[in-house]
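This report concerns only the one structure given below.
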Amino acid sequence: MIPYAKQSIDQNDLDAVSETLRSDWLTQGPKVAAFEHCLRDFCASAHCIATNNATAALHLACLALDVGPGDLVLTTPITFVATANAAKYCGAEVDFVDIDKHTWCLDPLALEHKLNQLKSSGKRVKVLIVVHFGGLSCDMEPIARLAKAFDFKVIEDASHALGARYLDRPVGNGDHSDITVFSFHPVKMITTGEGGALLTNDARLYERARMLSSHGLIRESTQFVLEPETDWFGEWAYQQTALGFNFRITDFQCALGITQLNKLPQWVERRNELVRYYHTLLADTAIGWQRVPGNCFSSYHLFVVQLPHQISRRAVFKQMREKGIGVNVHYIPVHTQPYYQQLGFKIGQFPVAEHYYRHTLTLPLYPGLSESAVASVVQALKEACYGG
Ligand SMILES: *Cc1c(COP(=O)(O)O)cnc(C)c1O
């Protein structure tokens, strides 16, 4: 079976993990801080918190931005459910904005339309979570302008986009948003097993997120809210000031993260090379692919195609899987999931996303994939679509 995505683990990764397992620290030791520094520098951001997964980092981002009951959070329907769920964990209301039909990322024009509509019905948006679909950055400049004009905060769910660039700057630098989140699940750009990170340039958001990521505890006596110099407290003191969580990652995961991150630039190049090969092989068909604007460099977490409309995606999917090719579908639009339909959303509300979804298919792409495997995937796809 050729999977749609796959991690790359080499001896250098294994050595780093086993060395950490033999050290004194399994969690919250030097490797966590070192990985956070590496990520922060790689993304040209000021602050970084590594977490147990990206879902937790998204939850933490919403909490740091004070999202709560009565607040409205917007996101795209073409994402993994975790993006929208993060806002629901905080008790907020979620609504969606349709995607651009060429880039499949949240459409800034649809966003502007939605914001004007909400404004005229007296509603305010607290936070927008954009998703850099497949590794392609959303068009962040117009989104940041709207955030300023309509006074809301922006979280980038960059789970797909570690190593991607927008306006020749790394995704995660925070030029156009308040917080960026990455995922290190094995199918993503690098892996720590489970894992995620939150990056921000805002020291206050960072402090708050750090505190909430570990039970809401403060250990720094200068920040204590109760007087520490009493018989009750001593040098052992910690004070809980808010209801936080345990979103911590382990040291041996971060040891893996560091060695993985070192290899990321070459992996992103390899993914781009394989995508160019896919494009060449698909050029004589009516099969479409994601448009990458000139101001973006995609990390290509996913290689997604659009099948011609007369072709049954169900049948193609089945035939490819039977041939051992692990095609997949990204994503079932979130608003059509039973949980979100129960909240009142309906099929038909976000037509561009739904049209995209009906015809979409994800083909295998990962650094260890060979050219000959790409050729056999395309061969199988052509047979499934056109016979022969
Ligand atoms: C994978 C993914 C997540 C969740 O990441 P985890 O690390 O598995 O929690 C969230 N959003 C998007 C867009 C993803 O692809």
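Among 202, 178, 157, which is the only one that is of a type outside the set (S, T, N, Q), buried (at least 24 other Cβ atoms within 10 Å of the Cβ) and within 18 Å of residue 63 (Cα to Cα)? Among 202, 178, 157, only 157 is of a type outside the set (S, T, N, Q), buried (at least 24 other Cβ atoms within 10 Å of the Cβ) and within 18 Å of residue 63 (Cα to Cα).
Among the residues that make up the stretch 148-161, is at least one of them in contact with a Leu (Cβ under 9 Å, 6 or more places away or on another chain) and part of a helix (DSSP H, G or I)? There is at least one residue in the stretch 148-161 that is in contact with a Leu (Cβ under 9 Å, 6 or more places away or on another chain) and part of a helix (DSSP H, G or I). Within the stretch 188-201, the presence of at least one residue that is of a type outside the set (Lys, Arg) and more than 16 Å from the ligand (Cβ to nearest atom) is confirmed. If you check residue 292 against the conditions, is it closer than 23 Å to residue 166 by Cβ and touching a strand residue (DSSP E or B) at 6+ places or on another chain (Cβ under 6 Å)? It is false that residue 292 is closer than 23 Å to residue 166 by Cβ and touching a strand residue (DSSP E or B) at 6+ places or on another chain (Cβ under 6 Å). If you check residue 221 against the conditions, is it more than 10 Å from the ligand (Cβ to nearest atom) and over 17 Å from the mean Cα position of the chain (by Cα)? Spelling it out, residue 221 is indeed more than 10 Å from the ligand (Cβ to nearest atom) and over 17 Å from the mean Cα position of the chain (by Cα).
Of all residues being aliphatic (A, V, I, L, M) and within 22 Å of residue 185 (Cα to Cα) in the stretch 64-85, which is nearest to the ligand (Cβ to nearest atom)? Just the residue, please. Ranking the qualifying residues of the stretch 64-85, first place goes to 82.
Scanning the stretch 2-20 for residues that are over 26 Å from the mean Cα position of the chain (by Cα) and either hydroxyl-bearing (Ser, Thr, Tyr) or not in a helix (DSSP H, G or I) (or both) yields 18, 20. Summed over the stretch 157-187, the residues that are within 16 Å of the ligand (Cβ to nearest atom) and of a type outside the set (Gly, Ala, Ser) give a count of 12.
Filtering the stretch 2-26 to residues that are within 30 Å of residue 380 (Cβ to Cβ) and touching a helix residue (DSSP H, G or I) at 6+ places or on another chain (Cβ under 9 Å) leaves 2, 7, 8, 9, 10. Among the residues of the stretch 67-74, are any under 19 Å from the mean Cα position of the chain (by Cα), over 23 Å from residue 170 (Cβ atoms), part of a loop (DSSP other than H, G, I, E, B) and among the charged types (D, E, K, R)? Within the stretch 67-74, none of the residues are under 19 Å from the mean Cα position of the chain (by Cα), over 23 Å from residue 170 (Cβ atoms), part of a loop (DSSP other than H, G, I, E, B) and among the charged types (D, E, K, R).
The set of residues in the stretch 21-65 that are part of a loop (DSSP other than H, G, I, E, B), over 16 Å from the mean Cα position of the chain (by Cα) and in contact (Cβ under 8 Å) with a residue 24 or more places away in the chain comprises 23, 25, 26, 28, 29, 44, 45, 46, 65. Across the stretch 86-113, the number of residues qualifying as within 14 Å of the ligand (Cβ to nearest atom), surrounded by fewer than 20 Cβ atoms within 10 Å (Cβ to Cβ) and in contact (Cβ under 8 Å) with a residue 24 or more places away in the chain comes to 1.
None of the figures in this text is laboratory data; all of them are computed from the coordinates on show. Everything numeric in this text was worked out from a predicted model, so none of it was measured. Cβ sites come from the backbone with ideal geometry, for glycine too, and all protein chains shown count toward neighbours.
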